[in-house]
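A quick write-up on the structure given underneath.
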Amino acid sequence: MTTGDIPPTPQYAPPVLRDPEPAFEDRGRVLAQQGVRYVLAAYTDVHGVGKAKCVPIEHFSDAMRGSELFTGAALDGLGQTPADDELSVRPELDALVRLPHRPDMAWAPGYLYLGGEPYPMCSRTVLRRALDRAAAMGFTFNLGIEIEFYLVRRRPDGGIEPANPQDVLARAAYDIVDLLAAHPVLDEIVTAMNQLGWDVHSFDHEDSNSQFELDFSYAGAMTSADRQVLWRMMMKEIARRHGCEVTVMPKPYSDRTGTGGHFNMSLADLDTGANLFADASDRRSCGLSELAYHFIGGVLAHAPALTALACPTVNSYKRLVKTGSMTGFTWAPVFISYGRNNRTHMLRVPSKDARLESRAVDACCNPYLTAAAYLHAGLDGIEQRLDPGEPIAEDMYLLSETELRARGVPELPRTLQEAVAAFERDGEFMDRVLGHELRRSFAELKSGEWWSYHGEVSPWELNRYLTFF
């Protein structure tokens, strides 16, 4: 893979909300007529978790103009101290949705501001900068996020078990009986998603017990990131109504398949909407254009650093292994590689249509920051005309260490500590993606998370060492 010269750090304009102010009053009246009584003026923290103030509908217009203030020092990753002024959130009118599971409430995600200026450590602002860069190059970034999850119940001893105690098959993928047993909760969440216009295509029982996947339509990257944050919040509430918990924790069981949040990505022409990744004459037989291969080259070049954002927890790296499930292989990527319709790579090119699937993403990520980083990496690849090499057809799990070395295939980080180290080594790139302050804050948070975990004495250690010597 050739890297070429690193271009100078580009400058991107901050997001400007273009909602005409009279539209606030008009929308507020419509919401009130629909029975909405409260609006969540919302933003997303560095962990990808939604935060908000709940505003009565009578004050809707004020909230849309940034009336709701937040103390940034109370949250991770916002770079504030108790001596700093509050941040305000300015919701985006077009992103506002009425909550189907709470019809008297609406959710209005927006951008953080400080002193009348966009706040650079806001997750949505980070993604907006990346999308503006793509638009300046003539592209729009489409993103579909595959949602995998477990339904679990807590045991009295603090452990967890599958929500359905009769869901015990060793190979549970696509099982009908266990899918139907979970239908009440799945039906409620699918109905809610479709009421929001997300267009669920299908859902199924996944590889492990009480594990499921939902597939729905892709959208622009900002819309898909908003949906991921809202889905996690909405699914928690719906699952609890049915007496269980939903978890997107990548590896809740040591002996069962993990859960991912795969990113399916493509670039489209900004004016026509045509898929710029598609080329039926592709000599490499993936159906991709040269533009798409350059995008792949950029992602592979920055893959170790990207993984810190895409797989941001200690637990994430217990999924990124070859074996460790009841069915044998884990279906998770281990190597920085790509191939056609091959699920043993970090990057898979599905045979159905011209897009790129990253399997090295889990649903615990902040989707705004992760999407921004993947997009910047791909755009760097396009600008530098990076060549990812030929796609690999073999099962990566079966290649020996000697074969992997001969092919020059590196591994993804094996722990959060390794991922943070890679993130820091790629600091010039991550400064362009996140800004220096957010990049530094994220690295400090994740390094602290790793050492907090490392300092804990686990049951495994007690069982292994207590009386061994």
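Values in this text are rule-based calculations from the coordinates and carry no lab data. Please read all numbers here as calculations on a predicted model, not as lab measurements. Reconstructed Cβ throughout: ideal geometry from the backbone, glycine too, with neighbour counts over all protein chains shown.
Numbers below:
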read-out	value
Percent of Cα-Cα distances greater than 22 Å, calculated over segment 162-244	28
Nearest-0.05 FRET efficiency for Ala280 and Val457, computed from C-beta distance (R0 60 Å)	0.55
Full-extension gain in nm, Arg154 to Val30, via 0.36 nm per residue minus C-alpha separation	40.5 nm
Segment 230-324 - convex hull of the alpha-carbon atoms, volume per residue in Å³	177
In sequence order, calculated HN-Hα J values of segment 156-169 (Karplus, 6.51, -1.76, 1.60; Hz; x Gly/Pro)	x, 7, x, x, 10, 8, x, 4, 9, x, 8, 8, 10, 4
Mean ellipticity per residue at 222 nm, deg cm²/dmol - from DSSP H runs of n ≥ 4 across the chain, formula -39500 (n - 2.57)	-10500 deg cm²/dmol
Filter on Lys251/Lys322; Lys318/Lys446; Lys322/Lys352 - keep pairs with C-alpha separation over 23 Å	Lys322/Lys352
Segment 89-116 versus segment 282-310: alpha-carbon centroid distance in Å	34
Separation of the Glu390 and Ala406 label points, Cα + 7 Å toward Cβ, nm	1.3
Kirkwood Rh and Cα Rg combined as Rg over Rh, evaluated for the chain	0.96
Under 5 Å, built H, 5+ apart or other chain: amide partners of Leu412	Phe335, Ile336
For segment 148-170 and segment 388-455, distance of Cα centres in Å	31
Modelled FRET efficiency - R0 60 Å, Met137 with Asp255, Cβ distances, 0.05 increments	0.85
Whole-Å semi-axes of segment 324-422's equivalent ellipsoid (Cα gyration tensor)	21, 18, 16
Relative packing of peptides 369-375, 73-79 - highest average C-beta neighbours within 10 Å first	369-375, 73-79
Placed amide H near Val55: partners under 5 Å, 5+ positions off or other chain	Val39, Leu40, Ala41
Amide proton proximity set for Phe149, modelled H, under 5 Å, gap of 5+	Phe212
Antiparallel bridge percentage (DSSP; both residues within segment 132-412; nearest 5)	90
Counting all C-alpha pairs of segment 132-412, share separated by more than 31 Å (%)	27
Relative exposure of Ile160, Ile176, Ile147, judged by other C-beta atoms within 10 Å (fewest first)	Ile176, Ile160, Ile147
Förster radius 41 Å - calculated FRET efficiency between Glu444 and Asp94, Cβ distance, rounded to 0.05	0.75
Loop-resident sites, segment 82-159, for GluC sites (Glu not before Pro), counting at most 16 other Cβ within 10 Å (DSSP)	Glu86
Mean projected area (nm²) of the alpha-carbon convex hull when segment 279-374 is viewed from all directions	6.6
